[in-house]
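Participant: Quick one: the structure is below, and I'll ask about it shortly.
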């Protein structure tokens, strides 16, 4: 269960970081 | 005062004072687990966000289109993730106490895969958005640059391949650890030079210093973990005083502190053990402590022969020098525990044994249930002592042995642990019950899933997986 918990945490973090990179790309282009 | 005494990680007044107060068994620090985890996540993700904000702040050039900037953003984020990998494996005791080293290392592994993906996307997106960026990897354009960047890509791939297929490649654990650290440091160094040389977002000297400082801190953590900490261990020698066989192809190794007061630990925690070598060395392995936490100058670890480095444990001679790094882990009595349920399989009994022995030695009357799965009577490590504990009733223990191959005339539980079997024995759940699960992966998955289905929150389920290394 805890490794699934760790996996969820890492997937969540990775998705968040992709969104951050996209936001960055959006804001430096406006 | 020895230097270790000033180390806040090493002092553990809670453990010392606990025996005086039989009313509260657990350690309240563990209750802050979700909060601390949240803070750690905010720091991790916040810093990644901060680097992007840092890049964008005061930047003089207009954007180069969404795709290019997205590729650049992924590169920055991928680099920060790689830098944080060093912090995740720095074996901070406080973090391991709160989250569990197994969870941290799983997270490290997953984030490693993701950062690899991010770096590949960084390269792929940039080249497909602007084909002229392929020049970065072109030896005809700039030999040192192309060499450095190909080295990074190959080193990242090598780390990934050696981690997933270490066994198939015949790479020893020790060489894997050494190559892992060396490749990681190389990747970070070239990555930093790449960021500084491209310099599009990092032209200001103050920004450059922040990047250099951050990278140096990450590499500094590696040096601290692999060099400084091990060197400090040297002043705390241990000596193997006994190696005795246990049922189930296991050995109990007894260690005695040499000229120091020993190790303060909480029952259920584990250590990294270095046997017959002087740190720093890559040859160290994690083992659960099986002895009582009431004694700090004598430690026992019980090790099962599993066909790897553990298969020669019986050959260790008394008198062998040893070093102990730790303690680590959060498989401990926590919070307001009023009742403890242990489900152990095979050698997973060792941390449970430490907890039960500690409860006995400290006279703590915590009601406990132990469901203990074993292949057969011949493999029943500690069963005799457990039966004695149950009989003496201190702590109040209900023992449920489960034999896969039961001895003749056995009328108790047989086979493997099943949800129905758990239902037959588990007490009614209430906020004071803590569950401890340690054993083979399938058993742990089954028990944890069943507990979750019963509505037990994750914060009350402790598990320890030994496949962390």
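Read the figures in this text as sums done on the coordinates, not as results from a lab. Because the structure is predicted, anything quoted here is derived from the model rather than measured. Cβ atoms come from the backbone with ideal geometry, glycine included; neighbour counts cover every protein chain shown.
Participant: For residue B:67 and residue B:146 in one chain, what is 0.36 nm times their gap in residues minus the Cα-Cα distance, to one decimal in nm? Present the calculation step by step, with values, prior to reporting the outcome.
Facilitator: Numbers: separation 79, 0.36 × 79 = 28.44 nm, distance 2.26 nm.
Full extension from residue B:67 to residue B:146 adds 26.2 nm.
Participant: On to the next question. On average, how many beta carbons from a partner chain sit within 10 Å of the beta carbon of a residue in A:4-16? Working shown, then result.
Facilitator: Working: counts 5, 9, 12, 4, 1, 10, 10, 2, 2, 10, 9, 1, 6.
Taking the mean over all residues of the peptide, I get 6.
Participant: Still on this structure, I have one more. Compute the projected area of the convex hull of the Cα atoms of the range B:27-186, averaged over all viewing directions, and report it in nm² to one decimal place. Don't skip to the end; give the middle numbers.
Facilitator: Details: hull surface 49.0 nm².
Taking a quarter of the hull surface, the average projection is 12.2 nm².
Participant: Could I have the simple spin-label model distance between residue A:27 and residue B:244, label points 7 Å from Cα toward Cβ, reported in nm to one decimal?
Facilitator: Label at residue A:27, label at residue B:244, 6.4 nm between them.
Participant: State the Kirkwood hydrodynamic radius of the protein assembly as shown in Å, one decimal place, computed from all pairs of distinct Cα atoms.
Facilitator: This gives a value of 24.8 Å.
Participant: Here is a follow-up. Tell me the angle of helix B:205-223 to the major Cα principal axis of chain B, expressed in degrees between 0 and 90 and rounded to the nearest ten.
Facilitator: Helix B:205-223 sits at roughly 30 degrees to that axis.
Participant: Please report the antiparallel percentage of the DSSP beta bridges confined to chain B, to the nearest 5.
Facilitator: Values: 27 of 54 bridges.
Antiparallel bridges make up about 50 percent of those DSSP assigns within chain B.
Participant: Turning to a different aspect of this structure: Sort the following peptides by mean Cβ neighbour count (other Cβ atoms within 10 Å, averaged over residues), highest first: B:321-327, B:230-236. Don't skip to the answer; put the middle values down first.
Facilitator: Details: B:321-327: 21.6, B:230-236: 15.6.
Order by mean packing, descending: B:321-327, B:230-236.
Participant: With n ≥ 4 as the cut-off for DSSP H runs, can you work out [θ] at 222 nm for chain B, using -39500 (n - 2.57) per run divided by the number of residues, rounded to the nearest 500? Spell out each step's value before the answer.
Facilitator: Details: 14 runs with 209 residues, N = 469.
Result for chain B, helices only: -14500 deg cm²/dmol.
Participant: Just how far, in whole angstrom, is the range B:207-254 from the range B:302-336 if you go by their alpha carbon centroids?
Facilitator: Each part reduced to its Cα centre gives a spacing of 14 Å.
Participant: I'd like the Kirkwood hydrodynamic radius of the range B:335-378, using the inverse of the mean 1/r over distinct C-alpha pairs, in Å. Write down the numbers at each step before the final one.
Facilitator: Details: mean 1/r = 0.0876 Å⁻¹.
One over the average 1/r among Cα pairs gives 11.4 Å for the range B:335-378.
Participant: Starting from the Cα gyration tensor of the range B:259-390, take the square roots of the eigenvalues, sort them a ≥ b ≥ c, and report rounded, prolate or oblate (rounded when a/c is under 1.5, otherwise prolate if a/b is larger than b/c, else oblate).
Facilitator: Details: a/c = 2.01, a/b = 1.34, b/c = 1.50.
Verdict is oblate for the range B:259-390.
Participant: Also, I was wondering about something else. Over the range B:105-255, one equal point on each Cα, no solvent: what is log10 I(q)/I(0) by the Debye formula at q = 0.08, 0.12, 0.17 Å⁻¹?
Facilitator: -0.37, -0.71, -1.19
Participant: In whole angstrom, how long is each semi-axis of the equivalent ellipsoid of the range B:83-149, when you take the square root of 5 times every eigenvalue of its Cα gyration tensor and sort them from largest down?
Facilitator: Working: eigenvalues 267, 35, 9 Å².
In descending order, the three semi-axes are 37, 13, 7 Å.
Participant: Rg to Rh ratio, the range B:182-236, alpha-carbon atoms and Kirkwood radius? Before the final figure, lay out each step's value.
Facilitator: On the way: Rg = 14.6 Å, Rh = 12.6 Å.
Ratio of gyration radius to Kirkwood radius for the range B:182-236: 1.16.
Participant: Another question, if that's okay. Given Cα positions, please report Rg to Rh for the range B:145-208, the hydrodynamic radius being the Kirkwood one.
Facilitator: On the way: Rg = 14.9 Å, Rh = 13.1 Å.
Rg/Rh for the range B:145-208 comes to 1.14.
Participant: Starting at 0 and stepping by 5 Å, how many percent of the alpha carbon pairs of the range B:343-421 end up in each bin?
Facilitator: It works out to 3, 16, 28, 24, 17, 9, 3, 0, in whole percents.
Participant: Would you calculate the separation in nanometres between label points at residue B:47 and residue B:210, each defined as 7 Å from the Cα along the Cα-to-beta-carbon direction?
Facilitator: A separation of 1.4 nm, rounded to one decimal place.
Participant: Just the C-alpha atoms of the range B:270-322: what Rg/Rh do they give, with Rh taken as the Kirkwood radius?
Facilitator: Values: Rg = 11.6 Å, Rh = 12.2 Å.
Over the Cα atoms of the range B:270-322, Rg/Rh equals 0.95.
Participant: Can you give me the orientation-averaged projected area of the convex hull built on the Cα atoms of the range B:378-469, in nm²? Let's see the in-between values first.
Facilitator: Values: hull surface 29.8 nm².
Dividing the Cα hull surface by four gives the mean projection, 7.5 nm².
Participant: Normalise the Cα radius of gyration of the range B:369-413 by 2.2 N^0.38 Å (N = residues in it) and let me know the number.
Facilitator: Numbers: Rg = 10.6 Å, N = 45, 2.2 N^0.38 = 9.3 Å.
Normalised Cα radius of gyration, the range B:369-413: 1.13.
Participant: Related question: Rg and Dmax of the range B:421-469, Cα atoms, in Å?
Facilitator: Cα-based Rg and Dmax for the range B:421-469 come out at 11.1, 36 Å.
Participant: How big is the convex hull of the Cα atoms of the range B:227-297, per residue, in Å³? Present the calculation step by step, with values, prior to reporting the outcome.
Facilitator: Details: hull volume 7.4 nm³, N = 71.
Once divided by residue count, the hull of the range B:227-297 is 104 Å³.
Participant: Next up: Report the per residue volume, in Å³, of the convex hull enclosing the C-alpha atoms of the range B:34-104. The partial results should precede the final answer.
Facilitator: On the way: hull volume 7.2 nm³, N = 71.
Hull volume normalised by residue count: 102 Å³.
Participant: Starting from the eigenvalues of the Cα gyration tensor, five times each then square-rooted, give me the equivalent ellipsoid semi-axes of chain B, largest first, whole Å.
Facilitator: Rounded to whole Å, the semi-axes are 46, 24, 22.
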